[in-house]
Structures are given as C-alpha cells and as structure tokens.
Amino acid sequence: MTETLEAAVGRAARKRAADVRVDHQPGFVLHGYPWRETSLVVEFFSRDYGRVALVARGAKRPTSHFRGLLSPFNPLAVGWSGRNDIKMLVRAEWLGGMQPLRGDALLAAFYANELLVRLLARLDPHERLFGSYVELLQALSHDARHAAALRAFELDLLHDIGYAVPLDRCADGEPIDADAQYLFGVGQGAQRLERGDSDDGSQVSGRTLLAMAARRFDDERVAAEAKGVLRRVIRYHLGGKPLNTRRILQDLKQL
C-alpha cells in the first residue's frame, strides 16, 4: 500500500513538473520546420530553460499572430505550455533592439544556431551561454571581426556543456610555454611537442593556446590556429557528422 501511494505521489509530481505554463520567456528561434499543413515546430533558445521545442499551431496561415515573428535572431518573449517534450507555443512578442544581420555575419549566426541545436540537450538551462549568444549576435551586427566573436562563443559553448579542457597548462599540469609547440588532443588537452614526435594535424603554438585562454584573437596566426583547434574539438563532439547550415538556410526560407 505504501509503495502504491509513493508511486502515485511520484506520478503527480512528474505531471506538475511537465505541465508547467511559462510566460514572457526571453529568447531566440534557432531553427524551424513545417509541421502538418499550417503549423511549425521551432527550436527556441530561452534564457531560463535552455533549448525548447515549441509547436506554433497555424503559424503559416496569413492571419496568424505568429506570422513574421518566428525567424532566427528576432529577440522574442514567448509563452508555452504542455506536458510533452515538445511544448505548445501560446504567445510570442517581438522585443526589438537588435540590428539585422547580413552577409558573413548572417552565415556566422546560422552556424552558431546549428551548434546550439546539435550540442544542447532540450530543457537544460544555460543562462551563461545564453548571455554569450546575445553578445555574439550584438558583435556580429556591429563589429567587423566576426571570426573573433565566433571563437569566443565556441569556447563558451564547449565550457558550458562540459567539453572544455585547460588552455593555459598542459595535460600533465605544466604551464603552457608561449614559445613552444604542442599537440592538442580532444579531451586530453595540450602535450608538448618533442623532437621526433609526428604531427597528426593537431599541432598548435603555445602562444595561440594562451591567447585562446585569454579570449584574444586579434593576431591572424592565432585566429587561424584557434579556428583549427576548435573545429576539431567540435567535430569530435558532433560524432564526425558534418554541420548542415546550408540546409537550415533553405528550410528557413519556407517560414
């Protein structure tokens, strides 16, 4: 009898947790795709709840109050409800205040969106990373140094989801020497390159590793080496599967 009561209490608690109503949650649409004839499913990056999948019923109808709002990079305040993993979007309000992205900045932002969709679990809060994402969008809309902004965001993303490794010291704990060369292993970190060691494409200078740790990417060589290091790490954690930013761009044109 006691076990039955405990099970009932547990089910009731899970039901309350799943059937929450969330209102006025700030965030951004990361990606959307059609659902049935007139609706959409959007992946939404929220400040307090992380990545959330939302069904926008009737969003493709000309008279829908969602029409024109559910595009990436629009600052929104949304409300949702529902018991399932995919929630029901009930309200969306444009918050404004963000310059439109164009050209390379737009492509960089779509790349960041795909990383978030592919690497973040749903309903896993990442408030610090949300702030980093907002900073990235602001930098892309105002600053010509798109690569530097992206490298900083990639580092913040890897750190926030637990995939970061130290950049200011070696895997054995020794401090990084700016004048030395290192082999950087995914998940292990830096190992000093000794004479006779073969380079498998993971070689990087100590100067670059220290600059990455300090989020400094002004030097062209540092920026190029940092890009190579981070792309290898990200590719590994994506399971070797390529990013599909171009496909996402085509999907977004249908919204």
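The values are calculated or read from the model by the stated rules, or taken from the named source; none is laboratory data. Treat the numbers as computed from the prediction; the structure is a model and nothing was measured. Here the Cβ positions follow ideal geometry from the backbone for every residue, glycine too, while neighbour counts run over all protein chains shown. These area figures cover heavy atoms from the full protein model, side chains too; ligands, DNA and RNA do not enter into them. Shrake-Rupley method; radii C 1.70, N 1.55, O 1.52, S 1.80 Å.
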### Query
Applying the selection to segment 92-103, what residues are under 15 Å from F45 (Cα atoms) and open to solvent by 90 Å² or more (accessible area, probe 1.4 Å)?
W94
### Query
In this structure, does L137 turn out to be touching a residue at least 60 places away in the same chain (Cβ under 8 Å) and buried (at least 17 other Cβ atoms within 10 Å of the Cβ)?
yes
#### Entry: Lone qualifier among V41, V52 - being under 14 Å from the mean Cα position of the chain (by Cα), of a type outside the set (F, W, Y) and open to solvent by less than 30 Å² (accessible area, probe 1.4 Å)
V52
## Note on the structure
Here, helices (runs of 4 or more DSSP H) confined to segment 134-238 with at least 2 residues that are under 22 Å from L120 (Cα atoms) and at pLDDT 90 or above are 146-160, 220-237
### Query
Among the residues of segment 109-131, which ones are open to solvent by 10 Å² or more (accessible area, probe 1.4 Å) and out of contact with any strand residue (DSSP E or B) (no Cβ under 8 Å at 6 or more places or on another chain)?
F110, Y111, R118, L119, E127, R128, G131
### Task
Select from segment 60-87 the residues that are part of a strand (DSSP E or B) and open to solvent by 60 Å² or more (accessible area, probe 1.4 Å) and list them in ascending order.
I86
### Summary
Taking segment 239-248 and the residues there that are surrounded by 13 or more Cβ atoms within 10 Å (Cβ to Cβ) and in a helix (DSSP H, G or I), the one that is modelled with the highest pLDDT would be T245
#### Entry: Of the criteria (1) without any contact (Cβ under 8 Å) to a residue 60 or more places away in the chain; (2) surrounded by fewer than 16 Cβ atoms within 10 Å (Cβ to Cβ), which one I176 fails
(2)
### Task
Specify the residue that is modelled with the lowest pLDDT; the eligible residues are those in segment 15-41 that are of a type outside the set (A, V, I, L, M, F, W, C) and in a loop (DSSP other than H, G, I, E, B).
D19
### Message
Could you check segment 37-57 and list, in sequence order, the residues that are under 16 Å from Y133 (Cα atoms) and acidic (D, E)?
### Response
E43, D48
### Query
Out of curiosity, is M98 aliphatic (A, V, I, L, M) and in contact with a Gly (Cβ under 6 Å, 6 or more places away or on another chain)?
no
